[in-house]
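The values are calculated or read from the model by the stated rules, or taken from the named source; none is laboratory data. Fair warning: this is a prediction, and the values are worked out from it, not measured in the lab. Positions of Cβ are generated from backbone atoms using ideal geometry, with glycine treated the same way; all protein chains shown enter the neighbour counts.
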């Protein structure tokens, strides 16, 4: 995961949003949700009620055990690819490959029942940095994608589900850029969900850090939340994760980013960025990397340092949200600019 600069940029983006009149409540954090004409509660009621399948924590953990090795060289990444392909095949999918300069993406698709409803993509990168086994970064994301393949592969939904495992994220988002540049890969794509480090939590006051220049008081100093970062032009995609939250699962913190492109160059540093640049709504799910996890990009990013309950709960949030999105036919585009609100969903908040 290449997110060292992301959180520094987020504070700049937030400050810009305040200055240009995006109606952020105050420069200090308040647990209040931004509201648009799109009402997550009313939309959820209008859609067909669906129950998401439950993740298998033991199966998720078994994936981490199998991917608990460095995935930097070509031979190491090939070993990871063979495992991913076998798991997808066993789950009834037909994996395909996209070769690009230096790497290979893996993708697979389960068609929906309504072609006009479009496609939801769920993706994660499978490579690691040279000095790390990369279990949190990013075997956790890969494992959650594989669990989605097992749970949602034979589910009949209006929308198509596409899975993507990206190569060479750690050396410049090469895999996701190659994927998003190919028009045939993103045809009818309504939204992309990118998982990048969803397995580390800390539960004591002060264990979660933030950039010192944040223009607001952070929501918490405990690192026990799952962050969902998306562009403000596609609020329904972000809000799907607020609706996916449950009291027994990790808290979901959502951050709608008001500005993209030239104003936020350092924000475009994870696998959601190529989709943003292609004009496709995308969200990044993360445990905030080095602002919480002391093992980030080190040799100690191993199985022993993953918080199993947090990882399992984060994976369940992913399945909850993806299931609802697959059953929906609603647009992912925001319908109006944000307005003030005095309410927030239980166990969710926005920075």
- Is region 110-119 home to any residue that is over 26 Å from residue 200 (Cβ atoms), touching a helix residue (DSSP H, G or I) at 6+ places or on another chain (Cβ under 8 Å) and not in a strand (DSSP E or B)? yes
- Message: Taking the conditions exactly as written (farther than 25 Å from residue 158 by Cα, surrounded by fewer than 19 Cβ atoms within 10 Å (Cβ to Cβ) and either modelled with pLDDT under 95 or out of contact with any strand residue (DSSP E or B) (no Cβ under 8 Å at 6 or more places or on another chain) (or both)), does residue 113 satisfy them or not?
- Response: no
- Consider residue 89 against the criteria (1) closer than 22 Å to residue 152 by Cβ; (2) surrounded by fewer than 19 Cβ atoms within 10 Å (Cβ to Cβ); (3) at pLDDT 95 or above; (4) under 22 Å from the mean Cα position of the chain (by Cα): it satisfies all of them except one. Which criterion is unmet? (4)
- Task: Scan region 269-297 for residues that are part of a helix (DSSP H, G or I) and surrounded by 22 or more Cβ atoms within 10 Å (Cβ to Cβ) and jot them down.
- Result: 273, 274, 275, 276, 289
- Does region 194-205 contain at least one residue that is surrounded by fewer than 23 Cβ atoms within 10 Å (Cβ to Cβ), within 27 Å of residue 92 (Cα to Cα), in contact with a strand residue (DSSP E or B) (Cβ under 7 Å, 6 or more places away or on another chain) and in contact (Cβ under 8 Å) with a residue 24 or more places away in the chain? no
- Any hit, region 97-105, residues being surrounded by 22 or more Cβ atoms within 10 Å (Cβ to Cβ), in contact with a helix residue (DSSP H, G or I) (Cβ under 9 Å, 6 or more places away or on another chain), touching a residue at least 12 places away in the same chain (Cβ under 8 Å) and under 22 Å from residue 320 (Cα atoms): no
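So, in region 54-92, exactly how many residues are in a loop (DSSP other than H, G, I, E, B) and free of Cβ contacts under 8 Å to residues at least 24 places away in the same chain?
Step one: filter region 54-92 for residues in a loop (DSSP other than H, G, I, E, B), giving 54-56, 67-73, 91-92.
Filter once more, keeping what is free of Cβ contacts under 8 Å to residues at least 24 places away in the same chain: 73.
The qualifying residues number 1.
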- Item | Single unsatisfied condition, residue 35 versus (1) surrounded by fewer than 20 Cβ atoms within 10 Å (Cβ to Cβ); (2) touching a strand residue (DSSP E or B) at 6+ places or on another chain (Cβ under 7 Å); (3) at pLDDT 95 or above | (3)
- Restrict the check to region 87-96 and report whether at least one residue is within 23 Å of residue 230 (Cα to Cα) and touching a helix residue (DSSP H, G or I) at 6+ places or on another chain (Cβ under 9 Å). no
- Task: Please identify the pairs in which a residue from region 119-138 that is under 16 Å from residue 189 (Cβ atoms) has its Cβ atom under 7 Å from the Cβ atom of a residue that is part of a helix (DSSP H, G or I), counting only partners at least 6 apart or on another chain.
- Result: 120/322; 120/325; 120/326; 122/145; 122/148; 122/322; 123/145
- Might you check whether a residue that is modelled with pLDDT under 50, surrounded by fewer than 19 Cβ atoms within 10 Å (Cβ to Cβ) and part of a loop (DSSP other than H, G, I, E, B) occurs anywhere in region 38-46? yes
- For the subset of region 298-311 comprising residues that are buried (at least 22 other Cβ atoms within 10 Å of the Cβ) and touching a helix residue (DSSP H, G or I) at 6+ places or on another chain (Cβ under 7 Å), which member is nearest to residue 219 (Cα to Cα)? 311
